[in-house]
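Novice: Quick one: the structure is below, and I'll ask about it shortly.
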Amino acid sequence: MQISAIRDALADAARDVVLPAGLRALTCTGYVPDAITEPHFFVADYEQTFDRAMRRALDELEFTTRVLVGRQDDRASQQLLDSMLSGSGPASLKAAIEAARGAPGEYALGGLAHDLHVMRVQGYRWYEHQGTEYVGAELIIKVIGEG
């Protein structure tokens, strides 16, 4: 699997969320950005497990992604974050990213991987990024594909 291409494809999939009217569109990057244009989703860290099947047939990547929201209004910011962390709905990152799995029998992320799964949310808290504080959380995404 080509890790940089998968990072970019995850960001592309996340762009499909639909935020409430009057809010900026979600900015998404496949890498940790120097500066945040909030709300912002990005792929941060990853872990790679090689050889989940014999002869390099399958590798497993576990991506830690992060979504950050501005703090103009603490309650409204957390409500927006909650909608993006929901398991379903137009603003759901899980729904948007898992839509990139493709139809049954198709490869995920436009052919870059066998499959993917948004596994969990963690780290719901305040984050500092380049000296500015945001409310945010991490989503853990498992991607499997050829080694």
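Every read-out reported here was derived from the displayed coordinates using simple, explicitly stated rules and does not represent laboratory data. This one's a predicted model, so the numbers in the text were calculated from it and none came from an experiment. With ideal geometry, Cβ positions are generated from the backbone for all residues, glycine too; neighbour counts draw on all protein chains shown.
Novice: Net charge around L80, counting only other residues with Cβ within less than 14 Å of its Cβ (Lys, Arg = +1; Asp, Glu = -1)?
Specialist: Neighbour charge sum, excluding L80 itself: -1.
Novice: Still on this structure, please answer the following. Quick one: plug the Kirkwood hydrodynamic radius of segment 1-68 (C-alpha pairs) into Stokes-Einstein at 25 °C, 0.890 mPa s, and report D in µm²/s.
Specialist: Stokes-Einstein gives a translational diffusion coefficient of 185 µm²/s.
Novice: When the chain is treated as a GNM, springs tying every alpha-carbon pair under 10 Å, which of A13, A53, A21 comes out with the largest mean-square fluctuation?
Specialist: A21
Novice: At 0.36 nm per residue, minus the direct Cα-Cα distance, what do A5 and R55 gain on full extension? Give it in nm, one decimal, please.
Specialist: Full extension from A5 to R55 adds 15.7 nm.
Novice: On to the next question. How long are the three semi-axes of the equivalent ellipsoid for the chain, computed from the Cα gyration tensor as the root of 5 times each eigenvalue, in whole Å, largest first?
Specialist: Square roots of five times the eigenvalues give 28, 16, 12 Å.
Novice: While we're on this one: Once you charge only the Cβ atoms, +1 for Lys and Arg and -1 for Asp and Glu, what is the size of the charge dipole of segment 20-122 about its Cα centre, to the nearest 20 debye?
Specialist: Roughly 140 debye for segment 20-122.
Novice: Given the options G30, G87, G123, state which has the largest fluctuation in a GNM of the chain using a 10 Å cut-off (strictly under) for Cα springs.
Specialist: Among G30, G87, G123, the largest GNM mean-square fluctuation belongs to G123.
Novice: List D73, D12 from most exposed to least, where exposure is judged by having the fewest other Cβ atoms within 10 Å.
Specialist: Fewest-to-most Cβ neighbours within 10 Å comes out as D73, D12.
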